[in-house]
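One structure below.
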């Protein structure tokens, strides 16, 4: 392994892997023995103007760490809310081999992880997708879900009407029947994606159909949630790792505290992907993602190998 300068993978290089490639990389890693429960803890540090996230992980071939920042005030400055860099090292020598655009990696891997789970949880016939949010994660999730299902129409629900309309227009250019809608659109959706910065439930969970799949990725704090206890209590809830969800996922923590969700009923994503546990088709399926370090390492490794 060369000890020269690490190769740089910019946003275009990261996105060249594509959502389908990233989804398969995540599924293959879980089927190949990756156990999220053994991953290193993520460090979330409060700094003056936001948060600093340190996300290390290790595989047979690579060691990696993402240093990411979340700056809520950046929107007013015309800057991205989430920024970062990923450092990939050779596992045997710990020699730095690649640096990747961390924001692009996050934008790719988060929807890819969601789609890797939804590929097993969503109905085979997925006609209507509702997405809450209008930022990069909302767009990325639509694109990732399209990599696993044929979507006929998309409803965008967003607090900012102009940004929601911009996303609708972008999806229209990609050939989708897309429109701005309201929270009531979840009633006839087969897949619902929540990719927001909301601190309280986005919709009434009783509206969700029994055969729907709901993905929530926006919150990673114990006191913040996008989904209400009504939905969490009636759904089969799938998480990346039980311990992480019970420590970080407000959607899970608050439903447990309110007595509607049994913490022992949480299903690890790995068990669904490997077939160790069956999907319950008689009630809604929720995938609550907290974001874990192994996911970045898996997708970063796939980017570097494909490049």
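Listed here are the strands (runs of 3 or more DSSP E) enclosed by segment 177-267 that have at least 1 residues being within 19 Å of the chain's Cα centre (by Cα) and at negative phi: 191-194, 213-216, 236-239.
Yes or no: segment 274-297 includes at least one residue that is in a helix (DSSP H, G or I), more than 23 Å from residue 55 (Cα to Cα) and at pLDDT 95 or above. Scanning segment 274-297, I find at least one residue that is in a helix (DSSP H, G or I), more than 23 Å from residue 55 (Cα to Cα) and at pLDDT 95 or above, so the answer is yes. Selection of segment 268-307 for residues being free of Cβ contacts under 8 Å to residues at least 40 places away in the same chain and either crowded, with 24+ Cβ neighbours inside 10 Å or on the phi > 0 side of the Ramachandran plot (or both) yields only 275. A single entry from 105, 100 fulfils the requirement of being part of a helix (DSSP H, G or I) and within 19 Å of the chain's Cα centre (by Cα): 105. For the residues 73, 135, 140, 78, the requirement of being under 18 Å from the mean Cα position of the chain (by Cα) and at pLDDT below 95 singles out 135.
The values are calculated or read from the model by the stated rules, or taken from the named source; none is laboratory data. Just so it is clear, the model here is predicted, and its values are computed rather than measured. Note that each Cβ is placed from the backbone with ideal geometry, even for glycine, and that neighbours are counted across all protein chains shown.
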